[in-house]
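Heads up, the thing below is written out as structure tokens.
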Amino acid sequence: MKKIIGSTLIGACLLFEACGNPTTDAMGNDTATASMAMDTMSTKTYEVSLVNNKKDPTCGMPVTAGISDTAHYEKYVLGFCSKECKDEFLKNPKAAIAAAELK
């Protein structure tokens, strides 16, 4: 019983010690913070109920598949699957607005 408790305490101490040390790459950069920042940026999405379109006006993807960027055009809020699609739309919005299937 003493061996089990002792082993558990040693394992817990090692775990807490490892968690307290930042992970660094070869350049000395804190990779734990960098990966957390990337995860936060990549998971930003918008609710379908916040936009006035059913499809991405640039590529035609349904907004129910995911909205990663939005733009205001005239009286509408439009959802886009990516920043690239939004940027392409903004080059000539009048030509692409029909493809948005506005609600």
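The values are calculated or read from the model by the stated rules, or taken from the named source; none is laboratory data. Just so you know, these numbers come straight off a predicted model, no measurement behind them. Neighbour counts are summed over all protein chains in view; Cβ atoms, including those assigned to glycine, are modelled from backbone coordinates with ideal geometry.
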Original post:
Scanning for something part of a loop (DSSP other than H, G, I, E, B) and at pLDDT 95 or above, does the stretch 26-33 turn up at least one residue?
Top reply: no
**OP:** State which residue is surrounded by the most Cβ atoms within 10 Å (Cβ to Cβ) when the search covers only the stretch 61-90 and only residues that are part of a strand (DSSP E or B) and among the aromatic types (Phe, Trp, Tyr).
**Re:** PHE80
**OP:** Output the residues belonging to the stretch 91-103 that are touching a residue at least 40 places away in the same chain (Cβ under 8 Å) and in a loop (DSSP other than H, G, I, E, B).
**Re:** GLU101, LYS103
